[in-house]
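The values are calculated or read from the model by the stated rules, or taken from the named source; none is laboratory data. Remember, predicted model here, so these are calculated numbers, not experimental data. Every residue, glycine as well, gets a Cβ built from its backbone with ideal geometry; the counts of neighbours run over all protein chains shown. For accessibility, only protein heavy atoms count, side chains too; no ligands or nucleic acids. Shrake-Rupley method; radii C 1.70, N 1.55, O 1.52, S 1.80 Å.
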Amino acid sequence: MAALPYIVGNWKMNGTRAMLNEARAIDRSAARFPKVQVGIAPPATLLYRVRDAVEVIGVGGQDCHARDNGAFTGDVSAVMLKDAGADFTIVGHSERREYNRETDEHVKAKAEAALSAGLAVILCVGETEAQRDAGDAEAVVAAQLQGSCPGTDGAADKLSVAYEPVWAIGTGRVPSVADVAAMHKSIRAQLVAIYGSAGADVRILYGGSVKADNASELLAIPDVGGALVGGASLTAESFLAIVGAAASLGAD
Ligand code: PGA
């Protein structure tokens with residue numbers, strides 16, 4: 001049976017307690033769309049409060065440290081995210097790869113720490129514009145997957161991959177349907193090469209400027225199993241339009 005479409009909001013470094021009302025509104029409306037799996041990743045400071053405020057949606061972290069605890073000032077471990085009520089965490093987002101110099105090796109260790117803490121993982125990959133222009137997009141993403149997919153036993157069962165072209169994040173630009181389709185096909189082949197038949201069921205999300213007006217087209221592409229949404233997840237209204245688009249595709 002095909003997995004439910006998965007729509008995840010990544011709030012990034014946005015949100016104070018005033019945003020709890022948006023989380024509640026997202027949760028109430030998500031309850032009307034049982035055929036869509038919905039999650040939000042608020043900043044770590046809000047995780048516990050969001051967990052308490054919602055009933056049906058998943059709640060996640062945006063990153064985790066690879067170690068469970070220790071002298072790592074300012075970091076948050078997967079064990080701590082789990083303790084605060086998280087169901088999942090994002091790892092390897094391009095903003096962390098770029099601004100925090102995270103390598104595939106770091107991302108893999110974080111994903112493995114998250115799995116061993118009992119969290120599901122959304123692992124982000126994606127090429128820069130220069131890499132796409134050079135014709136290297138699929139090779140770059142394949143190398144990221146080879147280097148950062150967790151090797152934990154049973155990892156594929158709790159893993160989603162988010163394909164997020166760096167040049168599409170927060171820019172309003174999205175790749176063509178053909179380019180998304182080709183990339184998701186290539187990611188699927190990599191996942192099967194890494195995990196065997198379990199790799200066939202890993203959900204592959206698209207992320208990068210997903211909005212209400214392009215969500216239906218993107219979500220209808222073969223092997224697009226959902227969306228990782230940044231800017232448009234910050235208000236219940238814009239995020240729910242995307243959840244609604246996923247629900248109406250499922251109704252076909
Ligand atoms: P965006 O961000 O939807 O604002 O482009 C997506 C992401 O970075 O996950």
Legend entry - Matching residues, the stretch 39-57, being open to solvent by 10 Å² or more (accessible area, probe 1.4 Å) and touching a residue at least 40 places away in the same chain (Cβ under 8 Å): Ala44
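Residues checked against (1) within 16 Å of the ligand (Cβ to nearest atom); (2) within 27 Å of Ala66 (Cα to Cα); (3) free of Cβ contacts under 8 Å to residues at least 40 places away in the same chain:
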| residue | (1), (2), (3) |
| --- | --- |
| Gly135 | no, no, yes |
| Ala143 | no, yes, yes |
| Gly151 | no, yes, no |
| Leu159 | no, yes, no |
| Val166 | yes, yes, no |
| Gly172 | yes, no, yes |
| Ala178 | no, no, yes |
| Ala181 | no, no, no |
Inset, instruction - Of all residues in the stretch 1-21, count the ones that are of a type in the set (Val, Ile, Thr) and closer than 20 Å to Ala212 by Cα. - result: 2
Legend entry - Top-ranked residue of the stretch 138-152 - restricted to ones that are open to solvent by 20 Å² or more (accessible area, probe 1.4 Å) and outside any helix (DSSP H, G or I), ranked as nearest to Pro165 (Cα to Cα): Gly151
Inset, instruction - Could you run through the stretch 220-237 and say how many residues are within 14 Å of the ligand (Cβ to nearest atom) and either in contact with a Lys or Arg (Cβ under 6 Å, 6 or more places away or on another chain) or open to solvent by less than 40 Å² (accessible area, probe 1.4 Å) (or both)? - result: 7
Legend entry - Any pair with Cβ under 8 angstrom, 6 or more apart, that starts in the stretch 87-103 at a residue that is over 21 Å from Leu47 (Cα atoms) and free of Cβ contacts under 8 Å to residues at least 60 places away in the same chain and ends at one that is within 11 Å of the ligand (Cβ to nearest atom) and open to solvent by 20 Å² or more (accessible area, probe 1.4 Å): Glu102/Arg96
Legend entry - Count of residues meeting criterion [within 16 Å of the ligand (Cβ to nearest atom) and of a type outside the set (Phe, Trp, Tyr)] in the stretch 188-215: 12
Legend entry - Members of the stretch 87-104 found to be part of a helix (DSSP H, G or I) and more than 14 Å from the ligand (Cβ to nearest atom), listed by number: Asp104
Inset, instruction - Answer yes or no as to whether Thr89 is over 21 Å from Ala168 (Cα atoms) and not aliphatic (A, V, I, L, M). - result: yes
